[in-house]
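**Student:** Take a look at this one; I'll ask things after.
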Amino acid sequence: MTDSTWLNRDHQLVPGKELFRSERGFHLLAYTASHGQLLMRSIGQPDEPGEPETTIDLLFKPAAVVKIRDYYRGLAIRCATEAESEQVKADHASVSFGRDDRVFVLESQGESDYVVAMAVGWTEGVLGRTQHSFFNNFHPARPIIWPSRPLAGVDAGLDIASAQELIDALLADENAAVRRERHRHVCVVMTRVVRPDGPEVTGAGVFLTRADAEEAQAVIAAKSIDCWIEELPIAI
C-alpha cells in the first residue's frame, strides 16, 4: 500500500501554510529537464531493525528556480508568505514567472531554502527492489520497457552502472536482497517469423554491445528472417 498526495490548487496552497513535515533524512535523488521534475527521497530500509520501512519520494514539478542542499536532516515544506514569494521572485528578475508558479520554502535545522514550482507531491510506501521511484512506474506501451531511471525524460545518466558493477552483480548471491538503483543497457536481437498459426516474435540473443548485436543481426537477416535490435536495461 502507498499513500500519495499531490498539491497544485489554490485552495491547497495557501500562503504560509505548512504542507509537509518529517523528522527523517531526505537527499536529492534526481532532476530531469523534461517537465522540470525535481525528486528528493527518504530511503526506507525494511530489512534493518529500527530503520523506517517505507520510502518517501517527494517531487516538485515543474521546477523553475531551485535553491536547495543535497541532504536535509529533517524537513518541513510550506508555502511562502506573500512577502517571501515577492522577494524570491524579485531576486530572479530574469525569470518569467507564471501565475501558477509558487514558492515552496524548505526548512531544516533552522535554515531555509526554496523551490519555485507549480506543484509538489509525495508518495510513501515500500519501494520494490527493482522499482526506481514511485514517480516513474511501468505502463504498458510500445515499446514495452521497464523503467531504468527514477524519472522519465532527459537526464544526465548518472545512474548508469559501470562494467565492474555489472560483473559484481553477476557474481553476487542470487538471493541477495539489495536495492537495484543502477542499470546497464543490453542489446537484444528480436526476430519475427510467420508461421501457419500466426507470427511468432522471440528474442534470439542478448549482447552487451550494439556492435555485437549488429553482427548477430546481420547473420540472422541473411537467412531472410525479420529481425531488429532493442535496448533493454538490466537492473544492477
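The values are calculated or read from the model by the stated rules, or taken from the named source; none is laboratory data. Everything numeric here is computed off the predicted structure, so don't read it as measured data. Note that each Cβ is placed from the backbone with ideal geometry, even for glycine, and that neighbours are counted across all protein chains shown. Surface areas here come from the heavy atoms of the whole protein model, side chains and all, with no ligands, DNA or RNA. Shrake-Rupley method; radii C 1.70, N 1.55, O 1.52, S 1.80 Å.
**Student:** Could you go through segment 13-20 and let me know if any residue there is small (G, A, S) and under 24 Å from G125 (Cα atoms).
**Tutor:** Filtering segment 13-20 down to residues small (G, A, S) leaves 16.
This time we only want the ones that are under 24 Å from G125 (Cα atoms), so: none.
The answer is no; no qualifying residue exists.
**Student:** Among the residues of segment 175-220, write down those that are of a type in the set (V, I, T), farther than 30 Å from H132 by Cα, surrounded by fewer than 16 Cβ atoms within 10 Å (Cβ to Cβ) and in contact (Cβ under 8 Å) with a residue 12 or more places away in the chain. Walk me through it before giving the result.
**Tutor:** Residues of segment 175-220 of a type in the set (V, I, T): 178, 186, 188-189, 191, 193-194, 201-202, 206, 209, 219-220.
Those left that are additionally farther than 30 Å from H132 by Cα: 193-194, 219-220.
With surrounded by fewer than 16 Cβ atoms within 10 Å (Cβ to Cβ) added as a condition, the list becomes 193-194, 219.
Within segment 175-220, V193 is the sole residue that qualifies.
**Student:** For segment 200-210, indicate whether the set of residues that are more than 30 Å from E53 (Cα to Cα), more than 30 Å from the chain's Cα centre (by Cα) and outside any strand (DSSP E or B) is non-empty.
**Tutor:** Let us first name the residues in segment 200-210 that are more than 30 Å from E53 (Cα to Cα), namely 200-210.
Adding the requirement that they be more than 30 Å from the chain's Cα centre (by Cα) leaves 200-201, 204.
Now narrow it down to the ones that are outside any strand (DSSP E or B): none.
Taking every residue of segment 200-210 in turn, none turns out to be more than 30 Å from E53 (Cα to Cα), more than 30 Å from the chain's Cα centre (by Cα) and outside any strand (DSSP E or B).
**Student:** Taking the residues in segment 19-62 that are aromatic (F, W, Y) and open to solvent by less than 10 Å² (accessible area, probe 1.4 Å) as candidates, determine which candidate is nearest to the chain's Cα centre (by Cα). Steps first, please.
**Tutor:** Looking only at segment 19-62, we keep the residues that are aromatic (F, W, Y), and these are 20, 26, 31, 60.
After this cut, where a residue has to be open to solvent by less than 10 Å² (accessible area, probe 1.4 Å) as well, the list is 26, 60.
Numbers: F26: 15, F60: 12 Å.
If we take residues in segment 19-62 being aromatic (F, W, Y) and open to solvent by less than 10 Å² (accessible area, probe 1.4 Å), then F60 is nearest to the chain's Cα centre (by Cα).
**Student:** Does at least one position in segment 134-143 carry a residue that is at negative phi, of a type in the set (G, A, S) and either in contact with a Leu (Cβ under 7 Å, 6 or more places away or on another chain) or part of a loop (DSSP other than H, G, I, E, B) (or both)? Steps first, answer last, please.
**Tutor:** So the first thing to find is which residues in segment 134-143 are at negative phi, and the list is 134-143.
Okay, now just the ones that are also of a type in the set (G, A, S), so 141.
So of that shortlist, the ones also either in contact with a Leu (Cβ under 7 Å, 6 or more places away or on another chain) or part of a loop (DSSP other than H, G, I, E, B) (or both) come out as 141.
Taking every residue of segment 134-143 in turn, at least one turns out to be at negative phi, of a type in the set (G, A, S) and either in contact with a Leu (Cβ under 7 Å, 6 or more places away or on another chain) or part of a loop (DSSP other than H, G, I, E, B) (or both).
**Student:** Turning to a different aspect of this structure: Here's a check for you: in segment 57-86, which residue that is outside any strand (DSSP E or B) and free of Cβ contacts under 8 Å to residues at least 60 places away in the same chain is farthest from L39 (Cα to Cα)?
**Tutor:** Step one: of segment 57-86, the residues outside any strand (DSSP E or B) are 68-70, 80-86.
Then drop every residue that is not free of Cβ contacts under 8 Å to residues at least 60 places away in the same chain, which leaves 68-70, 83-84, 86.
Numbers: I68: 12, R69: 12, D70: 11, A83: 27, E84: 23, E86: 25 Å.
Restricting to residues being outside any strand (DSSP E or B) and free of Cβ contacts under 8 Å to residues at least 60 places away in the same chain, the top hit is A83.
**Student:** Pull up segment 221-236, narrow it to residues that are of a type in the set (D, E, K, R) and open to solvent by less than 90 Å² (accessible area, probe 1.4 Å), then point me to the one that is nearest to P150 (Cα to Cα). Explain how you work it out, then say what you get.
**Tutor:** Residues of segment 221-236 of a type in the set (D, E, K, R): 223, 226, 230-231.
Subsequent filtering for residues that are open to solvent by less than 90 Å² (accessible area, probe 1.4 Å) retains 226, 230-231.
On the way: D226: 34, E230: 21, E231: 18 Å.
Step by step, filter segment 221-236, then rank; the result is E231.
**Student:** Then there is this: Look at segment 1-15 and say how many of its residues are in contact (Cβ under 8 Å) with a residue 40 or more places away in the chain and either surrounded by 13 or more Cβ atoms within 10 Å (Cβ to Cβ) or more than 20 Å from S112 (Cβ to Cβ) (or both).
**Tutor:** 10
**Student:** Follow-up question, since we're still on this one. So which residues in segment 16-56 are without any contact (Cβ under 8 Å) to a residue 40 or more places away in the chain and either under 17 Å from A76 (Cβ atoms) or of a type in the set (S, T, N, Q) (or both)?
**Tutor:** M40, S42, Q45
**Student:** While we're here: Have a look at R78, R73 and point out the one that is among the basic types (K, R) and either over 13 Å from V120 (Cα atoms) or in contact with a Phe, Trp or Tyr (Cβ under 7 Å, 6 or more places away or on another chain) (or both).
**Tutor:** Values: R78 fails: either over 13 Å from V120 (Cα atoms) or in contact with a Phe, Trp or Tyr (Cβ under 7 Å, 6 or more places away or on another chain) (or both).
When all the criteria are applied, what remains is R73.
**Student:** Consider V95 against the criteria (1) over 18 Å from K61 (Cβ atoms); (2) surrounded by fewer than 14 Cβ atoms within 10 Å (Cβ to Cβ); (3) aliphatic (A, V, I, L, M): it satisfies all of them except one. Which criterion is unmet?
**Tutor:** So V95 meets the others, but not (1).
**Student:** Which residues, taken from segment 100-117, are surrounded by 18 or more Cβ atoms within 10 Å (Cβ to Cβ) and in contact (Cβ under 8 Å) with a residue 60 or more places away in the chain?
**Tutor:** Across segment 100-117, the qualifying residues are R102, F104, V115, A117.
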